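Note sheet for the following structure.
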Amino acid sequence: MNSVIRVSIPDKSYDIAIAKGLPGGGIAKKATAEGSPAGGLDDLGVWLSRLKLGKKVLVVSNPAIFRRYGERAIAALKLVGYEVSSCTLPIGERYKTLKSIQKIYDTALAQRLERSSTMVALGGGVIGDMTGFAAATWLRGINFVQVPTSLLAMVDASIGGKTGVNHPQGKNLIGAFYQPRFVLIDPSVLKTLPPRELRAGMAEVIKYGIIWDAELFAKLEEAKRLDQWRYLDEELLSTILIRSCQAKADVVSQDEKEAGLRAILNYGHTIGHAVESLTGYKLVNHGEAVAIGMVAAGKIAVKLQLWQEEEAQRQDALIQKAGLPTQLPAGLEIEAILDTLQTDKKVKDGKVRFILPTQIGQVTVTDQVPRDVIMEVLG
């Protein structure tokens, strides 16, 4: 499964390494002796040593992930001479706040992190977003490395340099574009991922099939099931990781700061973010919200005669195969969703921009979606 994908951005290019580790570790010593990395998490220090980073590293994680993988990550870093400290933050999107960032800053100060130092995000998308934002703003920018532990983070959140936190009135309103120096994906850690989180990641994978990669979409349709780890054989998982990461890398390489093309990565996120915000980031997770948003966007595209009903049904069937929701949570008011859409980052000149499919593998961006069409679809 081992693969390296390049994200090509002028003066900021970096690699995404997909490298499977061995249960319990034991790879790093061999890799160090040979001078090149051979595996995943237990080779973290060897991968980083090739980047010529400073000796101080701060590992940021949450308690659950740190209990499982923190010691292995720290041991791998210390093996090649890094001075390692750690900081753990509470679990959950509702803790993706400036208060949590302050805790990272306090640890960075206590450990005397320098401009040559590195922050390593060990966790899912929330940890990655916060660690990246802290790295972007500490000493006006220090090194940042992503070690994603969830499927969603592996295929989406860890790639592309979007970092930040939520504001009480909206998701990801505070942040910065700040590219990592390196992304290390070890698929073996997915074995401990809760089923609900695996399904959440599948929403982003399906997204890539709709917006960019029709062949990936077809591979997902061929799969028997997508809702549990045991149904993902090595070949399917390899396809999912490599093609999803390549899609994200292709888009980001062409448009780092969402001046145009990169907006398509927000397919399903416009309504999805509103659902997350209005439910207090407690009732539905990010992937579930994106799934709901993709179904709604598909219906809007059909209403506007941009997309065929048959293809919309194929999308919805795949979302259901992944065990993801297709309906709004009960009790969510449509007017509240419409109001929340106005605070979305993609609003321009007061108009909400939607990413709408035109065929599987291709989408368009438009702000010409009438309010009554949105209400009809959501109703």
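Any read-out appearing in this document is the output of simple, stated calculations on the displayed coordinates, not a laboratory observation. Remember, predicted model here, so these are calculated numbers, not experimental data. As a convention, Cβ positions derive from the backbone with ideal geometry for all residues, glycine included, and neighbour counts pool all protein chains shown.
Given H placed 1.01 Å from N in the peptide plane, which residues other than close sequence neighbours of V363 have an amide H under 5 Å from its amide H?
So V363 has HN proximity to T358.
What does the extension gain come out to for T358 and L261, with contour length at 0.36 nm per residue minus their alpha carbon separation? Could you put the intermediate results ahead of the total?
Numbers: separation 97, 0.36 × 97 = 34.92 nm, distance 1.51 nm.
Gain on stretching T358 to L261: 33.4 nm.
Using only Cα atoms and rounding to the nearest 10 degrees, what angle (0 to 90) does helix 234-254 make with the longest principal axis of the chain?
80
Could you line up L265, L190 from fewest to most neighbouring Cβ atoms inside 10 Å? Each step should come with its number before you reach the end.
Working: L265 25, L190 20.
Listing L265, L190 from fewest to most nearby Cβ atoms yields L190, L265.
Taking the convex hull of the alpha carbon atoms in region 3-192, what volume per residue do you get, in Å³?
Working: hull volume 20.0 nm³, N = 190.
Measuring per residue, one finds 105 Å³ for the Cα hull of region 3-192.
Quick one: what does P(r) look like for the chain with 10 Å bins over all Cα pairs, in whole %?
5, 25, 34, 24, 9, 2, 0
If you average the C-alpha positions of region 218-273 and of region 101-128 separately, how far apart do those two centres end up, in angstrom?
Centre-to-centre distance over Cα atoms comes out at 28 Å.
Using 13 Å as the cut-off for backbone N distance, which residues of region 88-129 belong to the label zone defined by a point 7 Å from the Cα of A176 along Cα→Cβ?
The answer is 105, 115, 119, whose backbone nitrogens lie closer than 13 Å to the label point.
Between R225 and D367, what is the spin-label point distance in nm, taking each point 7 Å from the Cα along the Cα→C-beta axis?
4.5
L139 to E310: FRET efficiency via 1/(1 + (r/R0)^6), r the Cβ-Cβ distance, R0 41 Å, to the nearest 0.05?
On the way: r = 54 Å, r/R0 = 1.32.
Here the calculated transfer efficiency is 0.15.
If you stretched the chain out fully between H167 and A218, how much longer would it get, using 0.36 nm times the residue separation minus the C-alpha to C-alpha distance? List each step's numbers first, then the result.
On the way: separation 51, 0.36 × 51 = 18.36 nm, distance 3.78 nm.
Length gained, H167 through A218: 14.6 nm.
Quick check for me: using +1 on Lys/Arg Cβ and -1 on Asp/Glu Cβ, what's the dipole size of region 3-192 about its Cα centre, in debye to the nearest 20? Walk me through the numbers on the way to the answer.
Details: 24 positive and 13 negative charges, 42 e Å.
Computed charge dipole of region 3-192: roughly 200 debye.
Which of the lysines could be linked to K282 by a straight reach, that is with a Cα gap under 16 Å, when you skip same-chain ones fewer than 8 residues away?
K96, K171
Based on the Cβ-Cβ distance from K99 to A317, what FRET efficiency comes out when R0 is 41 Å, to the nearest 0.05?
Details: r = 42 Å, r/R0 = 1.01.
After rounding to 0.05, the efficiency reads 0.50.
Expressed as an acute angle from 0 to 90° and rounded to the nearest 10, what is the orientation of the C-alpha long axis of helix 125-137 relative to the principal long axis of the chain?
Compared with the principal axis, the helix lies near 60 degrees.
Which shape class applies to region 314-371: rounded if a/c is under 1.5, otherwise prolate when a/b exceeds b/c and oblate if not, where a ≥ b ≥ c are the square roots of the Cα gyration tensor eigenvalues?
Details: a/c = 2.84, a/b = 1.22, b/c = 2.32.
Because a/c hits 1.5 or more and a/b fails to exceed b/c, region 314-371 counts as oblate.
Could you name the lysines whose alpha carbon sits less than 19 Å from that of K56, not counting residues in the same chain fewer than 8 places away?
Correct list for K56: K78, K103.
Under a Cβ-only charge scheme (Lys and Arg +1, Asp and Glu -1), can you give me the dipole magnitude of the chain about the Cα centre, in debye to the nearest 20?
Using Cβ point charges on Lys, Arg, Asp and Glu, the chain gives about 1360 debye.
Sorting Y208, Y231, Y95 on the 10 Å Cβ count, fewest up front, what's the list?
On the way: Y208 25, Y231 11, Y95 17.
With the sparsest Cβ surroundings first, the list reads Y231, Y95, Y208.
Got a sec? Charge dipole of region 195-378, +1 on Cβ for Lys and Arg, -1 for Asp and Glu; which of G323, L226, S277 is way out at the positive end?
Highest projection toward the positive end goes to S277.
Where does each of K52, K207, K257, K219 land when they are ranked from fewest to most other beta-carbon atoms within 10 angstrom?
K52, K257, K219, K207
On C-alpha positions alone, give me the angle between the axis of helix 269-278 and the longest principal axis of the chain, in degrees, nearest 10.
Taking Cα atoms only, the helix is inclined about 80 degrees.
For region 195-378, what is the largest minus smallest coordinate of the Cα atoms on each principal axis, given in angstrom and ordered from greatest to least?
45, 37, 30
Just to verify a number: FRET efficiency for A110 and K78, C-beta to C-beta distance, R0 = 30 Å, to 0.05?
Values: r = 19 Å, r/R0 = 0.62.
E(calc), rounded to 0.05, equals 0.95.
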